[in-house]
Amino acid sequence: MINYAHRGASEYAPENTMSSFCLGVRMGANAIETDVQRTRDGVLVLHHDLSLKRTANVDRQVADVTFDELSQMDMGSFKSPVYAGERIVPLRDFLYYFSGRPLLFAFEIKQSGIERETLDMIRQYLPDERFTVTSFMLDSLLALAELERKPRLGYLAREFSIPLLERLVSAHIEEYCPKAEWLTADMAREARSRCLGLRAWGVKTEALMVRMCELGVDGMTVNFPDRLASYLGKR
């Protein structure tokens, strides 16, 4: 079971910050999931929402601001005053700090057009067997799938159908990543029968976490990696 700290230990610390990533590792996660976007001046940074409104209380989009502007924004106070002053994390800094640790990684592409640049930077620090590139945007994954040296790819799905699974297989996308609350045993079997990896997202409760373990998923993204680590340790 791959215990992905979802944007770090995001239940306890502000998501996609160094505090959150480090806490997730300390809590027993053996992998980190994060999100990649590009600023107006071309810096790859880790941020989930396209807008900065929720996390920085700034009504602008990541793609519309420079990195210097972004680096002045407080990314921690929205979670707790304890984290006031947390800054956005550049992808390169994240890779420099965490690539030497015994972890796996999932990098979600949030913007079209940054796929190859993101992959090239990741490969400067990590071998292909240690990371998966994911996205809800199937076209982004298909673009990477066409590369002569393609990375491991995972489709973040909001739907299930046999034709979709067949399309992933034909495109050499290795992982089907469904929303946890609607994943069923039959769906899991269909994915497995096609040799697709299975990683669940949206695991918001411990009950759902346990259900995913019972369904035998390969991994899941959780905001509370400590609870998943504890549960796995007792099995």
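No lab work stands behind these numbers, since they all come straight from the coordinates. Keep in mind it's a predicted model, so treat the numbers as computed, not measured. Note that each Cβ is placed from the backbone with ideal geometry, even for glycine, and that neighbours are counted across all protein chains shown.
In nm, to one decimal, how far is the SER80 label point from the ARG192 one, both placed 7 Å along Cα→Cβ?
Each label point is offset 7 Å from its Cα along the Cβ direction, giving 3.9 nm.
Would you please name the GluC sites (Glu not before Pro) within region 141-223 that are DSSP coil residues with at most 16 other C-beta atoms within 10 Å of their C-beta?
Values: sites: GLU146, GLU148, GLU159, GLU166, GLU174, GLU175, GLU181, GLU190, GLU206, GLU214; in loops: GLU146, GLU148, GLU159, GLU174.
In loop regions of region 141-223 (DSSP not H, G, I, E or B), the sparsely surrounded GluC sites (Glu not before Pro) are GLU146, GLU148, GLU159.
Near ARG26, within a Cβ-to-Cβ distance under 12 Å, what is the net charge of the other residues, with Lys and Arg +1 and Asp and Glu -1?
On the way: positive: ARG101; negative: ASP226.
Local net charge: 0.
What nm distance separates the two modelled labels at ASP64 and ARG40, each placed 7 Å from Cα along Cα→Cβ?
Distance between the two pseudo-spin positions: 0.9 nm.
Give or take rounding to whole Å, what are the principal axis extents of the alpha carbon atoms in region 73-193, in descending order?
The Cα atoms of region 73-193 stretch 47, 35, 29 Å along the principal axes, largest first.
Arranged by the count of other C-beta atoms within 10 angstrom, fewest first, what order do MET75, MET27, MET187 take? Can you show the working numbers first?
On the way: MET75 27, MET27 21, MET187 18.
In order of increasing Cβ crowding within 10 Å: MET187, MET27, MET75.
With a ≥ b ≥ c the root eigenvalues of the C-alpha gyration tensor of the chain, is it rounded (a/c under 1.5), prolate (a/b larger than b/c) or oblate? Spell out each step's value before the answer.
Details: a/c = 1.74, a/b = 1.25, b/c = 1.40.
Note, shape of the chain comes out oblate.
When only C-alpha pairs under 8 Å and at least 6 residues apart count, what is the relative contact order of region 2-234, in percent?
Details: 469 pairs, mean separation 46.3, N = 233.
RCO, region 2-234: 20 percent.
Cross-link partners among lysines for LYS79, C-alpha distance below 18 Å, same-chain residues fewer than 8 apart left out?
LYS53, LYS204
Specify the inter-centroid distance of region 44-82 and region 167-235, based on alpha-carbon positions, in whole Å.
Their Cα centres are 30 Å away from one another.
Net charge around ARG192, counting only other residues with Cβ within less than 15 Å of its Cβ (Lys, Arg = +1; Asp, Glu = -1)? All intermediate terms of the calculation are to be shown ahead of the outcome.
Numbers: positive: ARG189, ARG194, ARG199; negative: GLU166, GLU174, GLU175, ASP186, GLU190, GLU214, ASP218.
That works out to -4.
Grab the beta carbon distance between GLU129 and TRP182, set R0 = 41 Å, and tell me the FRET efficiency rounded to 0.05.
Efficiency computed from Cβ-Cβ geometry: 0.85.
Rank LEU46, LEU215, LEU91 by mean-square fluctuation in a GNM of the chain with C-alpha springs under 10 angstrom and give only the top-ranked residue.
Of the options given, LEU215 has the highest mean-square fluctuation.
Report the antiparallel proportion of the DSSP beta bridges in region 2-234 as a percent, rounded to a multiple of 5. Provide the component values of the computation, followed by the final result.
On the way: 6 of 37 bridges.
Roughly 15 percent of the beta bridges in region 2-234 run antiparallel, per DSSP.
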